[in-house]
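These notes concern the structure reproduced below.
The values are calculated or read from the model by the stated rules, or taken from the named source; none is laboratory data. Here the structure is a predicted model, which is why all the values come from computation and not from measurement. Quick reminder, even Gly has a Cβ in these numbers, built from the backbone with ideal geometry, and neighbours come from all protein chains shown.
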Amino acid sequence: MITEFGHFALILAFLVAILQTVVPLVGAHKRWPAWMAVAEPAANVQFLLTAAAFAALMWAFVTSDFSLQLVVLNSHSAKPMLYKISGTWGNHEGSMLLWVLIVTLFGAMAAWFGGNLPPTLRARVLGVQASIGVAFFAFILFTSNPFVRMAVPPFDGQDLNPLLQDPGLAFHPPFLYLGYVGLSMAFSFAVAALIEGRVDAAWGRWVRPWTLAAWIFLTIGIALGSWWAYYELGWGGFWFWDPVENASFMPWLLAAALLHSAIVVEKRESLKSWTILLAILAFGFSLIGTFIVRSGLLTSVHAFANDPERGVFILMIMAFFTGGALILFALRAGAMEARGVFSLVSRESALLANNLLLAVSCFVVFVGTMWPLVAEMFFDRKLSVGPPFFNMAFTPFMVLLGLILPLGSAMPWKRASIARAARPLRYVFVLALAAGGLAWAVQTGRSLIGPVGMFLAAWVVMGTIVDLAQRTGRRPGRLARLTRLPRADWGKMVAHSGLGLTMMGVAGLTAWQMEDIRVAQVGEPFGVGSYTLTLNDVQSVEGPNYLSTMGFVTLAQDGREIARLRPEKRIYPVAQMPTTEAAIDYDLLRDVYVVIGDEQIQGGWTIRTYIKPLTNWIWIGCGLMALGGLLSLSDRRFRVAAGARRPVTGVPAE
């Protein structure tokens with residue numbers, strides 16, 4: 001009964017989405033207040049109906065209702081409750097229902113918090129957002145219905161993919177989807193502004209919180225996925241430039257560019273066309289990510305589906321929304337004439353350089369991701385584009401971004417002097433050079449990655465701190481003024497510092513990692529770097545729904561035991577799939593990472609050991625970036641009316 005209710009609620013939500021798409025847009029065009037007023041209650045009803053459908057599907061997973069085909073394929077009665085719940089979205093159909101639930105959530109939030117928007121713009125934003133919901137409701141109901149019944153329900157299910165039975169990955173998809181779909185709001189604001197024919201400072205202020213929220217969620221989602229890959233897959237890396245990893249990273253780069261570009265629109269009414277284009281492309285790349293994950297064209301451990309028919313449907317959605325928005329963008333180009341004028345050396349120019357570096361970086365990742373597919377389709381050649389290409393092509397842009405970031409933040413609007421902006425940073429530059437030199441002096445190899453990473457980290461972090469201090473002036477009472485600074489200023493400092501720390505972690509891990517692979521005999525110590533490891537025992541252990549071969553390893557340094565590690569190899573009998581569970585001794589300055597392999601015929605067990613310097617600073621930096629975004633989002637200026645629009649001249653609204 002609950003399953004039928006969920007299916008019925010999903011169909012009703014589809015019908016409400018159609019109503020919300022048509023009526024408010026017609027009302028805004030005709031200036032009919034009653035028709036425009038339909039948007040808000042429709043957005044609320046659409047969200048409640050979709051939430052009811054999602055809750056019904058989750059109930060089926062929690063209660064192990066094996067009359068539902070999706071539960072049979074992705075659950076098992078012996079599975080822990082956390083993974084029964086996460087199993088709701090740990091599959092193609094359920095994840096798409098989560099996707100459309102978040103689309104409707106953001107639409108409802110625009111209705112709840114959009115009281116300060118002009119009625120026509122609010123109606124158009126909600127109408128465009130509902131049209132995205134219409135497309136994905138149709139996709140779910142016609143190609144990916146999660147409420148399909150089994151004619152003869154089996155006694156038990158086939159279990160969830162064992163790789164997904166992990167706390168990190170249980171929460172990774174919801175955060176990632178909140179980021180992906182959050183960019184739909186920036187898209188809706190962009191298309192609504194194009195329909196109205198005007199973009200101004202008030203629009204820039206309205207679009208910033210939605211973009212910032214999406215960027216925060218993407219940051220958390222990508223960090224969780226990276227951390228999961230690090231400790232779960234057993235290969236010891238945090239990023240492999242996998243197609244699906246890239247699919248989430250590309251919108252993140254464009255969202256970061258959009259966030260900074262919207263600041264220029266708000267403050268100076270410049271870069272209007274560029275900001276609108278970024279809003280369209282950011283959501284377009286979210287749709288590209290959905291296509292990559294679900295079309296089966298590119299192979300990935302993260303992929304949900306391998307169905308070309310579904311891929312074609314998503315391709316049609318992507319072509320309609322992205323292509324339609326770009327056509328509208330071309331038609332309305334004259335309505336986005338910039339008003340603010342700025343010199344070549346100014347904060348606007350620095351933010352534009354930031355945008356270009358992020359956008360080109362995104363393009364590099366896109367080319368590397370899609371080129372194997374293009375080569376096979378058009379040149380009949382099978383190519384593989386791996387980490388060496390991405391590291392070589394992507395890294396220079398991030399180095400340049402780190403170099404200009406503190407200097408650009410110190411520049412005033414409209415017109416600046418490089419010498420004047422650099423004066424407060426001269427000591428920071430010297431200290432950053434000293435940090436890089438120290439790294440060069442103590443490292444054993446001759447790679448520049450480590451020293452450059454240390455220099456950039458010190459330059460970015462200390463530069464952001466100096467920039468924050470400069471905002472308090474030089475008169476007495478600086479500390480009191482520091483506490484009264486807007487939260488957005490604090491958020492910028494924290495987020496930029498997080499970027500610097502992430503750069504440091506990536507550079508340290510890449511340059512100074514040690515690896516050791518050997519056959520270890522039980523009871524015989526062996527050394528890796530300054531550490532001594534001893535495989536004391538190997539036992540068979542039974543888990544809730546898996547069988548484990550568990551090693552018991554003692555980690556010592558200078559004759560003192562510092563940790564006891566338990567690496568595992570698990571087999572899930574229902575899914576007949578093995579997984580590797582690395583044992584990690586975490587520390588701020590390094591991780592000791594141990595993986596157990598197979599037993600050898602001549603005796604002993606294969607043991608892989610990694611010493612990973614500064615690894616945890618990667619995720620500490622990501623956490624600080626997300627925290628900085630939250631601080632900025634909590635700024636009171638994001639919660640009050642954006643102010644009256646300025647008179648518009650030139651292109652009419654309709």
Next item on the list: Could you tell me whether Ala13 is of a type in the set (A, V, I, L, M, F, W, C), touching a residue at least 60 places away in the same chain (Cβ under 8 Å) and surrounded by 15 or more Cβ atoms within 10 Å (Cβ to Cβ)?
Entry: yes
Note to self: If the requirement is being crowded, with 21+ Cβ neighbours inside 10 Å and either at pLDDT below 85 or not in a helix (DSSP H, G or I) (or both), which of these qualifies: Phe304, Phe291, Phe321?
What the structure shows: Phe304
Item checked: Number of positions in the range 539-558 that are touching a residue at least 12 places away in the same chain (Cβ under 8 Å) and either among the small types (Gly, Ala, Ser) or not assigned by the TED database to the domain that holds Val595 (or both) -> 4
Notebook entry, point to check: Exactly one of (1) at pLDDT 95 or above; (2) farther than 30 Å from Trp203 by Cα is unmet by Leu126. Its number?
Noted result: (2)
Check: Counting just the residues of the range 566-582 that are aliphatic (A, V, I, L, M) and touching a Phe, Trp or Tyr at 6+ places or on another chain (Cβ under 8 Å), which one comes out surrounded by the most Cβ atoms within 10 Å (Cβ to Cβ)?
Finding: Ala582
Checklist line | Count of residues meeting criterion [under 17 Å from Ala192 (Cα atoms), among the aliphatic types (A, V, I, L, M) and either in contact with a Ser or Thr (Cβ under 6 Å, 6 or more places away or on another chain) or surrounded by 22 or more Cβ atoms within 10 Å (Cβ to Cβ) (or both)] in the range 18-51 | finding: 5
Note to self: When the residues of the range 164-196 are narrowed to those that are aromatic (Phe, Trp, Tyr) and closer than 30 Å to Met81 by Cα, which ends up surrounded by the fewest Cβ atoms within 10 Å (Cβ to Cβ)?
What the structure shows: Phe171
Margin query: Would you confirm whether or not the range 199-206 contains a residue that is at positive phi and not in a helix (DSSP H, G or I)?
Written below: no
Margin query: Of the conditions (1) in contact (Cβ under 8 Å) with a residue 24 or more places away in the chain; (2) over 30 Å from Val265 (Cα atoms); (3) of a type outside the set (Asp, Glu), Phe394 satisfies every one except a single condition; which number is it?
Written below: (2)
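Can Pro146 be described as in contact with a strand residue (DSSP E or B) (Cβ under 9 Å, 6 or more places away or on another chain), outside any helix (DSSP H, G or I) and of a type outside the set (Phe, Trp, Tyr)?
yes
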Notebook entry, point to check: Identify, please: which residue in the range 197-233 is of a type in the set (Gly, Ala, Ser) and within 22 Å of Lys492 (Cβ to Cβ) and is, among those, surrounded by the most Cβ atoms within 10 Å (Cβ to Cβ)?
Noted result: Ala214
Notebook entry, point to check: Which of (1) on the phi < 0 side of the Ramachandran plot; (2) touching a residue at least 12 places away in the same chain (Cβ under 8 Å) does Asp159 not meet, given it meets every other one?
Noted result: (1)
Next item on the list: Sort through Ile418, Ile404 and tell me the only one that's β-branched (Val, Ile, Thr) and loosely packed, with under 12 Cβ neighbours inside 10 Å.
Entry: Ile418
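Looking at this structure, is Leu405 under 22 Å from His260 (Cα atoms) and at pLDDT 85 or above? Can you show your working first?
On the way: under 22 Å from His260 (Cα atoms): yes; at pLDDT 85 or above: yes.
So Leu405 fits the description; yes.
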Next item on the list: Considering (1) without any contact (Cβ under 8 Å) to a residue 40 or more places away in the chain; (2) surrounded by 12 or more Cβ atoms within 10 Å (Cβ to Cβ); (3) more than 27 Å from the chain's Cα centre (by Cα), say which one Ile465 fails and leave the rest.
Entry: (3)
Note to self: Quick check on the range 88-111. Is at least one of its residues surrounded by fewer than 21 Cβ atoms within 10 Å (Cβ to Cβ), out of contact with any helix residue (DSSP H, G or I) (no Cβ under 6 Å at 6 or more places or on another chain) and outside any helix (DSSP H, G or I)?
What the structure shows: no
Checklist line | Val430 modelled with pLDDT of 85 or more and buried (at least 16 other Cβ atoms within 10 Å of the Cβ) | finding: no
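Considering only the range 374-390, how many residues are in a helix (DSSP H, G or I), surrounded by 15 or more Cβ atoms within 10 Å (Cβ to Cβ) and not small (Gly, Ala, Ser)? Explain how you work it out, then say what you get.
Start the filter on the range 374-390 by keeping residues that are in a helix (DSSP H, G or I), which leaves 374-379, 387-390.
This time we only want the ones that are surrounded by 15 or more Cβ atoms within 10 Å (Cβ to Cβ), so: 375, 389-390.
Filter again for not small (Gly, Ala, Ser), leaving 389-390.
Summing the residues that are in a helix (DSSP H, G or I), surrounded by 15 or more Cβ atoms within 10 Å (Cβ to Cβ) and not small (Gly, Ala, Ser) in the range 374-390 gives 2.
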